[in-house]
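S.K.: Dropping the structure in here first, questions after.
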C-alpha cells in the first residue's frame, strides 16, 4: 500500500521543501538588512518576467538538464556519479577538437559531429572510474571526484600550452569558425517573425535537451538495457542470479552518464562561448546532482528541476547586479534549495506521509 | 526484576481486548482478544498475512491500534512507542536482526541503554550481567566478538540478551527458527524453556506446526486478521491447527505417484570448489539426476548446498576456483566463463534459496519480476524496445494460474506476502518448462496453503518428465518430496537414501557427518 498519493510524492513534497528553503533564505536576507520581498521581486523579474530573463534561464536550464540526466542514469544503476563536472569539461574538449580541426561548411553538419565528440569524450572520461568500480571495487564517488580535478588540470595544461592561439594572453582556445555557430533561440524567433530574448545565449541545444529527456525515459523504462540497469541498481545479487553482468552494466551505465554530461558542452562551449575557456562548466556538474535528486530521478522531474535551478542561477545573477545583496548569498540560497530538496527530503516527506495516513483513516472510518 | 515473587501478581502477563487495526481498506486485525498467562510459552500461528506481525507491532508500539485495550500485568497501558513497550517489560526479537554488524556484542547490548555519556561504566555492568545471564540460561556469547563474525544462531542470542538486559519480562520472538539450523533451533528452545521456568513470558510467532507442538504451552491461531482459536497445546494436534490456520483441510504429506525416472538429465562428476578466501566448499560432488525424478539434498545450511546451486545456476561466487565436470543431457556445461543467462538458455530453471535478495527485485512490480532473468526472451522484445504489454500479459496469466494474491500485476513485489512472492518466482521458473529445475528452500517463510501449492507444482513438473534438484533444510520437506535423497556434509555427499527406506535419525547421522561403517565416503579424504 502506498503511503501517500503519487501527486503528493512527486509535486507536494518538493514544493514544500522549496518553500522552506525560500523561507530560510528570506530570514538570511533579513538578517543582513535587506528586504526578502524586494529580492524575490528582482529575481522573478530578472529571470521570468522578460524574454531576456527567460533566454538566460533556459540557457542555464539546458546545462542542468544534461548534467541532471547524467546523474540520474548512473543513479538507476546504483552508482553515484559526482564526476559530471569533469565529464562536461572534457566533453567541451571533444567539441573543441571537432570544431577547430575539421572544416565545417554549415552548423547543421557540425552539430551532430560535435555531439559525437562531446558524448565520446564525456563517456571516455567516465570509463576509467567505471572500470575501476566494476573490476577493482574502487568507489565511484571517490574516483569521479578525483577525475574532476584531473580534468581541470588537464584542461588547464591544454588551454595554456596547446590550444591557446599564439599571442593570446587568455587561457582559452581560438574561437570556432562562424559557420559552426549554433542558431540562438532569439534568431529562431526572429525567423518566425517576432523578437524574443535578444542577446541571450539560449540556443537550439535547448531542444536537444528535451529530446535527451525523452530518449533517457525510453532507455530506462522501455528498453532491455534500462531494465537491466534498474535491476542492478536495486539488487546486485538478483542481477547476477538473472544473468546480468554487473561489470557490463556498470560500464555501460557510466558511459551513457558520461556522454550525457559531456553533451552539455554543446550548449555552453559550442552554443554560448563559441570557444573553449577555462572552467566553462561553472559548477553545473554539481548542480546536476541536486537536479536529479529533486527531479526524483525521472526525466520529467529533471526537466522541471533544471528550470528551477536555471531560474535560481539567472535570478541570482540579477540579484547581485541590482541589489547590495552580495553575490555569495546567491550561493547560499542555491545551497539551501539543494539541502532541502535533496538532503532533507525525508524531513518533509515523513510528516506528510503521516498526514496522508491520518486523512485516509478518517476517510475510511 | 527477573523473578518476581509469584503470588503478588497473578494477573496475565498480557491481555488484549478487542484490538482492531486497519491500513486503508485492509483490516489487518479485527477485534483481537488474547490472554497470555505469566510464565508460559504462547505460540501464535497463522499464514503469512494473517495479521500476526501487525498484532505484535501494536504490542511493541510500532502501530497504534484503532480500537481496543492492552493490559500488561493487569494494568491498562497505552503503548505509544517502543520505548514505552520496553519500559513495560516487553522485549522483541525480530526475524531480521537489528544489530550493528561492526560493533561488539557488548556494544550492541548497551546500545540505547547506556547509563551515561561515558561508556566504561555501562560496559562493565553489561559484562557482569552478560556473564550471569550466560550461566543462567545457556546464553553463551563472547562479549567481545564482533557481530559480523558470529553465526546467525549466536546473533539471535545477542538479540535475546539485549531484551533481557533491558529487563524484559515478556519476550516476543518473530519466526525465530527461520534462519537457524536444527541444532541451533534446539538450543534456542532450551533457552526459551529456561526463561519460562524463571517466570518469563514468551510469545512465539511462527508458522511451523512442529515448533508449536514441541515448545508452547498454549497456542492461538490467527486467520485473516481474526483470532480464530486459543487452545492448550497438549489438547490439540498439528492437523487440527493446520485446518484452523487455513480454514480448510490441508494435506501435510505430499500426494504423489511413484517416480518413473528416465534418461539422466544432470550429471555432476567430482565437482570441487575453493572460494575466494581459500576455503574448500565442495570436495568432490558426484550426483546424477534423471528425467522425471526429484533428488533432494538434505543437510544443515552451510555445508556447500548454496555453492552447488550457484555453480549449477551459472553464477559461482567471484574469485572461486572450480574443477570437475557437469553435463546437462549429455552436453558438457562450461564451468568458467558461464553465466546464469547461458544456463537458462540451456534449459535450467532456478528458484534461488533467497527470493528477496536474489529471486526478485523487491522494488519492481510483479509483472516486471515475472520476466526477470527471461527478459531477453524473443517474445518479450519489440524491435529496440521491450514489449512491456507482452510481458504484462504473460504475468497476468501466471499470476492467475498460480493464484498469486492479490492478483495485481502492478503491485511492487515487496508488498506481497512471502508465500505470494515465492509463487511469483516459482511461476516464472516452472512455467518456462525447464529440463532441470534447481529449487532452494522452496517453502522457507511460506505459509501452509502456499507450501501445498508449490509442492504440487514441483511434483507436476517431475511428472512431466523433468528433473528436479531440491535443496532444503526442512527435513520433512526433503522426506516427503524427494524420490531420492542425497545428504551433504562439509562439501561432500555423505550418502544417498531412498525416502521410504530411511528415517529422520538415519539422515540426521549423515547430516552430522557420521558415515555408516559400510560407506567409504571418508576414504578419499
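The values are calculated or read from the model by the stated rules, or taken from the named source; none is laboratory data. Here the structure is a predicted model, which is why all the values come from computation and not from measurement. Counting neighbours? That spans all protein chains shown, and the Cβs are built from the backbone with ideal geometry, glycine included.
S.K.: When the residues of region A:231-244 are filtered to those that are surrounded by fewer than 21 Cβ atoms within 10 Å (Cβ to Cβ) and within 8 Å of chain B (Cβ to nearest Cβ), which remaining residue is farthest from the chain's Cα centre (by Cα)?
M.R.: A:237
S.K.: For residue B:443, only one of the following conditions fails: (1) outside any helix (DSSP H, G or I); (2) on the phi < 0 side of the Ramachandran plot; (3) touching a residue at least 60 places away in the same chain (Cβ under 8 Å). What is its number?
M.R.: (3)
S.K.: I've got another one for you. Consider region A:13-25. How many of its residues are surrounded by fewer than 17 Cβ atoms within 10 Å (Cβ to Cβ) and touching a helix residue (DSSP H, G or I) at 6+ places or on another chain (Cβ under 7 Å)?
M.R.: Of the residues in region A:13-25, 1 are surrounded by fewer than 17 Cβ atoms within 10 Å (Cβ to Cβ) and touching a helix residue (DSSP H, G or I) at 6+ places or on another chain (Cβ under 7 Å).
S.K.: Still on this structure: Which numbered condition trips up residue B:354, out of (1) more than 9 Å from every other protein chain (Cβ to nearest Cβ); (2) at negative phi; (3) touching a residue at least 24 places away in the same chain (Cβ under 8 Å)?
M.R.: Exception for residue B:354: condition (1).
S.K.: Let me ask something else. Wholly within region B:150-231, which strands (runs of 3 or more DSSP E) include no fewer than the required count, namely at least 1 residues that are under 23 Å from residue B:473 (Cα atoms)?
M.R.: B:170-174, B:201-206
S.K.: Kindly establish whether residue B:390 is assigned to a helix (DSSP H, G or I), touching a strand residue (DSSP E or B) at 6+ places or on another chain (Cβ under 8 Å) and over 30 Å from residue B:269 (Cα atoms).
M.R.: Numbers: assigned to a helix (DSSP H, G or I): yes; touching a strand residue (DSSP E or B) at 6+ places or on another chain (Cβ under 8 Å): yes; over 30 Å from residue B:269 (Cα atoms): yes.
Considered against the rule, which asks whether it is assigned to a helix (DSSP H, G or I), touching a strand residue (DSSP E or B) at 6+ places or on another chain (Cβ under 8 Å) and over 30 Å from residue B:269 (Cα atoms), residue B:390 comes out as yes.
S.K.: Name the single residue, out of those in region A:125-158 being over 24 Å from the mean Cα position of the chain (by Cα) and assigned to a helix (DSSP H, G or I), that is surrounded by the fewest Cβ atoms within 10 Å (Cβ to Cβ). Lay out the reasoning, then the answer.
M.R.: Kept after step one, since they are over 24 Å from the mean Cα position of the chain (by Cα), are these residues of region A:125-158: A:132, A:134-138, A:157-158.
From what's left, assigned to a helix (DSSP H, G or I): A:132, A:134-136, A:157-158.
Working: A:132: 17, A:134: 21, A:135: 11, A:136: 8, A:157: 12, A:158: 18.
Across region A:125-158, the extreme among qualifying residues is A:136.
S.K.: Checking residue B:91 against (1) assigned to a loop (DSSP other than H, G, I, E, B); (2) farther than 23 Å from residue B:225 by Cβ: exactly one of these is not met. Which one?
M.R.: Condition (1) is where residue B:91 drops out.
S.K.: Tally up the residues in region B:15-69 that are within 14 Å of another protein chain (Cβ to nearest Cβ), assigned to a loop (DSSP other than H, G, I, E, B) and within 25 Å of the chain's Cα centre (by Cα), please.
M.R.: 3
S.K.: Name the residues in region B:292-312 that are over 21 Å from the mean Cα position of the chain (by Cα) and within 14 Å of chain A (Cβ to nearest Cβ), would you?
M.R.: B:311, B:312
S.K.: Looking at (1) buried (at least 18 other Cβ atoms within 10 Å of the Cβ); (2) within 14 Å of chain A (Cβ to nearest Cβ); (3) at pLDDT below 95, find the lone condition where residue B:360 falls short.
M.R.: Condition (3) is where residue B:360 drops out.
S.K.: So residue B:210 passes all but one of these: (1) touching a strand residue (DSSP E or B) at 6+ places or on another chain (Cβ under 9 Å); (2) surrounded by fewer than 17 Cβ atoms within 10 Å (Cβ to Cβ); (3) under 25 Å from residue B:417 (Cβ atoms). Which condition number does it fail?
M.R.: Among (1) touching a strand residue (DSSP E or B) at 6+ places or on another chain (Cβ under 9 Å); (2) surrounded by fewer than 17 Cβ atoms within 10 Å (Cβ to Cβ); (3) under 25 Å from residue B:417 (Cβ atoms), residue B:210 violates only (1).
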